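Taking it in order: structure first as structure tokens, then the write-up.
The values are calculated or read from the model by the stated rules, or taken from the named source; none is laboratory data. A quick note: this is a predicted structure, and the numbers were derived from the prediction, not measured. Note that we place each Cβ from the backbone using ideal geometry, even for glycine, and neighbour counts take in every protein chain shown. Note: accessible area is taken over every heavy atom of the protein model, side chains too, but ligands, DNA and RNA are not part of it. Shrake-Rupley method; radii C 1.70, N 1.55, O 1.52, S 1.80 Å.
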Amino acid sequence: MIKKWGLSAAALLLTAAVILPGCASKESPKEAISSSATKALTMNSYEMKSILTVNNLAIDAPAGANDETTGMVLNMLQNADISINAVHQSEPMQTELTMVLNLKGDMAMSFNIPMVLTSDKMYVKIPSIPFLPLPETVVGKFLELDPQELAAQQGVAVTPGTTVDTKKVQDLSNEVLSTLLGEYDEETYFKNVKPEEAGIPEEVDAKQVVQFQVTNSNVKEALTILVNNAIPKVIDVLNKEEYKELLNIDETKLAEFKQELQSGEARAEFDKSVADLDTYLTVNNFQLNTALNGDDFPEYQNLLMDVVVKNPEQGQNINLSLTGSNQYSKINEKQTFVIGIPQGENVITMEELQQQFGGMGTY
């Protein structure tokens, strides 16, 4: 059953992988997406506003099947939203963002978490959380994290002082995107639409809007193309010498994964799962719209999703409806950072935080 539900989730994630990099000049929809990959990656600085809202989350199940905890969680997540406001520049690398989580229902609460990232550090402001009492001496301070140290703790080899090769990252992104898009038929999955049809705000100067849509009629085909055609070719891209070091890839494990994916047993199991997919998933609506501005940047994107994930063995259906949007502004302009890089008494290390917890005693 877990594999069935995982297949449903993979079908939805597929769409995000294809469309999110954005679109470009007034071309055919598929050409616009392909040729815009490089253009989108030239955004060296920008402001960004994103929001994801849960419009509906409900479980249809036999009477008494849902416990009290499930009901409380559903109540909190109904109409909940998470938003991110960010400012970014590449040189020198600096990003600051504020993530806000608004939970609704009988236990309505809001969390506001500012973060700052530089080329070698990450700072997370410690919030005040009602059900997690924290020492007053740490609330409001920025927790300093070292990504290299965290990677080393996870057993990942890192070279001190090295930075990410952004050119290779761009090349890899372009090649992976091109590989994915090359497997999908334009007439089936992509089309140009009018801004008002896609719900693009009037203030967005949309020169072209491209819609990617998955429906019940093509979700099986889309997933089959992804697993049988696209993923093996993406693995070949990742296995290229120029990308192995960049991604710290274990060549042996990658080869084993590809071999397992293409084995007769795996193919037979996958084909059976796809054949039964409509028993476990109904796609009422799933579309991603990308609006290009006059400079061919993907200025605005929105997501419309309404699905039902079914568990026939338990007689249970999960109804989920989401809307989301992502908007860029001040692309490649000089940015203004409100938070700045935390320093001095406003910063606390992980060791200092652990010491503070050690002195709290028990609750």
Inset, instruction - Please name which of Met305, Pro201, Asn218 has its Cα lying farthest along the dipole of the stretch 182-306 towards the positive end, using unit charges on Cβ (Lys, Arg +1; Asp, Glu -1) and the Cα centre as origin. - result: Asn218
Legend entry - Largest-first ellipsoid semi-axes for the stretch 108-148, taking √(5λ) over the Cα gyration tensor eigenvalues, angstrom: 23, 12, 7
Legend entry - Surrounding net charge for Tyr189, when Lys and Arg each add one and Asp and Glu each subtract one, Cβ distance under 11 Å: -3
Inset, instruction - May I ask which of Lys121/Lys330; Lys49/Lys125; Lys125/Lys244; Lys49/Lys194; Lys168/Lys258; Lys191/Lys233 have a Cα-Cα span longer than 28 Å here? - result: Lys125/Lys244
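Please get the size of the charge dipole for the stretch 263-363, origin at its Cα centre, with Cβ charges of +1 on Lys and Arg and -1 on Asp and Glu, quoted in debye to the nearest 20. Don't skip to the answer; put the middle values down first.
Numbers: 5 positive and 14 negative charges, 37 e Å.
Result for the stretch 263-363 is approximately 180 debye, rounded to the nearest 20.
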Inset, instruction - Note the full-extension length gain between Gln355 and Met93 as 0.36 nm times their separation in residues minus their Cα-Cα distance, in nm to one decimal. - result: 91.2 nm
Inset, instruction - May I ask you to order 260-270, 40-50 by the average number of other C-beta atoms within 10 Å around their residues, highest value first? - result: 40-50, 260-270
Inset, instruction - On the full set of protein chains, 1.4 Å probe, figure out the accessible area of Lys272 and give it in Å² to the nearest 10. - result: 120 Å²
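What's the ranking of 337-344, 187-194 by average number of surrounding C-beta atoms within 10 Å, highest first? Spell out each step's value before the answer.
Working: 337-344: 12.1, 187-194: 15.8.
Listed from highest to lowest mean packing, they are 187-194, 337-344.
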Legend entry - Dmax and Rg, reported as Rg then Dmax, of the stretch 241-344 (C-alpha, Å): 22.2, 60
